[in-house]
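To start, the structure itself, in structure tokens.
Laboratory data are not the source of any read-out in this text; all were calculated from the coordinates shown. Keep in mind it's a predicted model, so treat the numbers as computed, not measured. No Cβ is skipped: glycine too gets one built from the backbone with ideal geometry, and neighbour counts run over all protein chains shown.
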Amino acid sequence: MMRQYELVERVQKYDPKANEALLNRAYVYAMKAHGHQKRASGDPYFSHPLEVAAILTDLKLDDATVATALLHDVIEDTDATRAEIDQLFGPEIGALVDGLTKIKRLDLVSKQTEQAENFRKLLIAISTDIRVLLVKLADRLHNMRTLEHMKPGSRQRISEETLDIYAPLAGRMGMQAIRDELEDHAFRWLHPEAYKAVTDKLAELRAKNEGLVEEIEGALKAKLVEAGIDASVSGREKKPYSIWRKMTNKQISLEQLSDIYAFRLTAKDIADCYRALGVAHTTWRAVPGRFKDYISTPKQNNYQSIHTTVVGPRHQRVELQIRTHLMHQVAEYGVAAHALYKDMTKGAIAAGSMTSLDDKEHGPYVWLRRMVETLLEGSNPEEFLEHTKLELFQDQVFCFTPKGRLIALPRGATPLDFAYAVHTDVGNAAVGAYVNGRHVPIDTRLRNGDEVEIRTSKGHVPPAAWESLCVTGRAQSAIRRAAREAVRRQYVELGRRLASAAFDAARVTYSDDAVKRVLSKFSQKSIDELLAAVARGELPAGDVLKAVAPEAVQAAAQSVLENPLKGWLDLTKVSGLRVRAPAPGAPTGQLSSAIALRGLKDDVPVIFEEGGAVPGDRIVGVLEPGAGIRIFQIHSPQLQAYEHQRWIDMSWDIDPEKQERFPARLSVTAPNRPGALAAIADVIGGAEGNIDNLKMIRRASDFTELRIEVEVFDLAHLNRIIAGLRQTDIVSKVERVFE
Ligand code: MN
């Protein structure tokens with residue numbers, strides 16, 4: 001294990017002004033905090049943060065980053081707290097360690113990495129400082145280096161996550177060396193056979209091509225010197241994972257694989273790069289289609305290089321990368337490389353397209369943040385300078401399902417948006433939400449890293465008003481669609497009931513198939529449309545019957561006349577149809593109130609008629625074309641105005657839990673006596689009836705008839721009130737009336 005002074009010396013080597021006391025304190029604190037904890041390898045746990053710190057010293061990072069590396073696991077894995085870190089090491093390091101703790105907790109949640117892009121964005125959104133990501137990459141690198149000690153299942157999961165998330169992240173940050181190493185470790189554990197095949201093949205080619213690297217290097221160097229170009233040449237073998245990826249992408253076999261060598265020419269400036277390219281192309285034949293100039297057109301991550309492939313001295317394809325020293329540093333160490341160059345070479349930077357990086361420093365790493373921002377947003381270099389803060393993905397929030405699937409949503413999104421983002425079916429059935437295990441309102445605003453669990457209920461239809469609880473278009477249009485669909489389904493089902501009733505009355509067996517055969521007669525495209533037309537009253541059910549079984553119609557009419565109530569329908573058996581009372585606080589006094597059907601918004605097909613039916617009453621519906629179903633108490637005189645054929649039997653379907661009230665109408669005749677009205681009101685009130693309206697109908701010299709609208713729970717309740725009134729000596733007559 002690296003000693004305390006060794007670590008300090010490593011940092012001081014590249015940064016003589018580094019805070020030695022800080023590094024010492026972090027070293028001792030982390031070592032004590034981890035105490036006797038052991039890694040899977042059996043090593044003391046502290047060896048891990050120490051190695052992570054060492055990796056970061058290779059990248060020549062500042063003392064705060066190195067101290068953070070030492071402390072990166074203490075909050076999550078030991079008794080240490082954020083407050084303690086703040087107190088001992090200052091809020092800057094406290095915030096860095098806190099960022100790493102948050103990422104570590106995310107790792108525990110993310111069991112699936114299918115949405116790697118979103119996960120990377122989440123990492124960046126949570127890492128308010130680029131140094132958090134640098135420490136995280138170093139942390140992952142060390143864990144990959146020591147993965148052999150983990151159980152096979154963990155090895156698999158960690159390797160997949162590395163390939164999906166961390167290696168590409170390193171690549172986007174321009175840290176190629178770290179990316180290569182992460183990939184090769186992951187490759188080894190995920191595809192052990194392929195790994196072995198590729199490394200064996202590499203060994204074979206290496207033996208066969210013995211001396212080739214030196215030969216090419218020597219030839220190139222000689223030509224460069226001849227041309228007076230000051231450049232260094234180094235050859236290397238490509239990495240097993242990049243070879244394997246090429247094999248799987250381009251579907252070439254291991255046998256066909258030949259260009260496994262890549263040479264790098266590093267020159268002092270851009271002019272020499274192009275001259276060196278000229279030398280290479282005149283020495284060996286260039287392979288067509290393989291030339292790419294990333295110096296004049298840098299990649300999104302600011303990678304700059306000229307790429308070409310030539311046919312080398314042994315007829316071997318050889319890849320060449322030509323770049324300046326600075327470009328090389330950036331390619332190898334990415335954002336970290338800029339730290340190295342921060343204080344030097346403004347001239348060298350100006351030579352490339354990195355001019356903007358160092359322009360105006362507002363503090364350490366400001367330009368680093370800008371850079372990462374640009375990398376991840378993929379914006380062009382011109383926009384580069386306009387970004388000043390590391391407010392990445394402020395317009396997005398990233399949440400998890402309980403199974404660890406990551407869902408990206410716009411800021412302000414609610415669990416309802418989340419549910420629809422998971423699946424439309426989940427959204428439609430959503431009735432409640434748990435965020436991080438806590439039951440929350442469904443319109444709660446979600447935050448980064450929230451774990452959201454949606455409670456669903458089968459057959460639930462989202463109320464149309466929920467549209468306003470969502471911010472995503474997907475959820476809003478799905479809710480509108482669901483509401484429309486619910487209305488449509490109800491009409492179709494109602495139409496089917498009405499048609500069946502007509503068929504039953506004529507002793508004809510109803511079937512959808514029979515009706516389908518007559519669709520064209522009514523110019524209807526589908527049976528659903530036809531049935532909905534029946535329900536809306538646009539198409540009489542009798543006409544459908546007549547089309548299907550003309551001979552039965554006459555008999556049907558006769559049968560209905562003889563026995564009008566036969567074959568009544570129970571509409572509660574129609575799925576989704578529920579008759580409900582007016583909402584509490586709705587305008588009273590008006591006796592005809594529209595009753596909303598569950599899930600219906602604008603089309604309200606159920607209307608309670610004057611005369612008041614209360615639960616327990618037998619009720620009858622009459623379909624009124626274009627209006628809906630009017631509901632009547634069976635003794636209501638208005639009902640008698642409709643032909644019996646049009647009667648639809650209804651039964652109550654109310655929620656007893658809700659204690660809804662329904663208006664009934666009483667005729668009370670009482671002698672004219674002071675206080676009579678108050679006494680009547682007392683009796684009704686004492687029996688828990690609400691007087692809604694009261695009207696005097698006839699005033700004789702000694703008697704008054706009152707029409708009283710009273711709101712009751714049901715028929716039994718109404719009867720108790722009537723009995724109560726009859727028991728008193730203040731009234732002479734009490735009757736229920738319907739007009
Ligand atoms: Mn760690």
**OP:** For the range 434-443, just list the computed ³J(HN,Hα) in residue order, Karplus coefficients 6.51, -1.76 and 1.60, θ = phi - 60°, integers in Hz, with x standing in for Gly and Pro.
**Re:** 10, 10, 6, x, 10, 5, 10, x, 6, 9
**OP:** Would you mind ranking MET173, MET144 so that the residue whose beta carbon has the fewest other beta carbons within 10 Å leads the list?
**Re:** MET144, MET173
Subject >> About the Cα centre, charge dipole magnitude for the range 662-736 (Lys/Arg +1, Asp/Glu -1 at Cβ), debye >> reply: 300 debye
**OP:** Would you grab the residues whose amide H sits under 5 Å from the one on ASN690? Only those 5+ places off in sequence or on another chain, please, with H modelled 1.01 Å from N.
**Re:** GLU711
Original post:
Alpha carbon centre of the range 673-739 versus the range 414-473: separation in Å?
Top reply: 48 Å
**OP:** Could I have the simple spin-label model distance between GLU451 and ASP269, label points 7 Å from Cα toward Cβ, reported in nm to one decimal?
**Re:** 5.9 nm
Original post:
Size of the range 4-195 along its principal axes in angstrom, Cα-based, largest extent first?
Top reply: 48, 35, 33
Original post:
Residue by residue through the range 633-642, which ³J(HN,Hα) values in whole Hz follow from phi under the Karplus form 6.51 cos²θ - 1.76 cosθ + 1.60 (θ = phi - 60°), with glycine and proline marked x?
Top reply: 5, 5, 8, 4, x, 4, 4, 5, 6, 8
Original post:
Summing +1 for each Lys or Arg and -1 for each Asp or Glu, what net charge is found among the other residues whose Cβ lies under 13 Å from the Cβ of GLY473?
Top reply: +1
Original post:
Using the beta-carbon distance between ASP443 and ALA197 and R0 = 51 Å, what value does 1/(1 + (r/R0)^6) give for FRET efficiency, to the nearest 0.05?
Top reply: 0.40
**OP:** Sticking with the crude label model, points 7 Å out along Cα→Cβ, report the distance from SER732 to ARG618 in nm, one decimal please.
**Re:** 3.3 nm
Subject >> Computed Kirkwood radius, in angstrom, where 1/r is averaged over Cα pairs of the range 147-221 >> reply: 14.3 Å
Original post:
Under 5 Å between amide H atoms, partner at least 5 residues away or on a different chain: which partners does ILE607 have, H built in plane at 1.01 Å?
Top reply: ILE595, ILE629, ARG630, ILE631
Original post:
If we count other beta carbons within 10 Å of each Cβ, what is the order of LEU519, LEU169, fewest first?
Top reply: LEU519, LEU169
Subject >> Dmax and Rg, reported as Rg then Dmax, of the range 662-736 (C-alpha, Å) >> reply: 11.3, 35
**OP:** Past 21 Å, Cα to Cα, is the threshold; run LYS201/LYS238; LYS60/LYS292; LYS136/LYS238 against it and keep the listed order.
**Re:** LYS60/LYS292; LYS136/LYS238
Subject >> For ALA67, net neighbour charge (Lys/Arg +1, Asp/Glu -1) across residues whose Cβ lies under 12 Å away >> reply: -2
Original post:
Extension gain THR81-ARG145, at 0.36 nm per residue separation less the Cα-Cα distance, in nm?
Top reply: 20.2 nm
Original post:
Pulled fully out, how much extra length does the chain show between HIS423 and ALA21, if you take 0.36 nm times their separation in residues and subtract their Cα-Cα distance?
Top reply: 139.3 nm
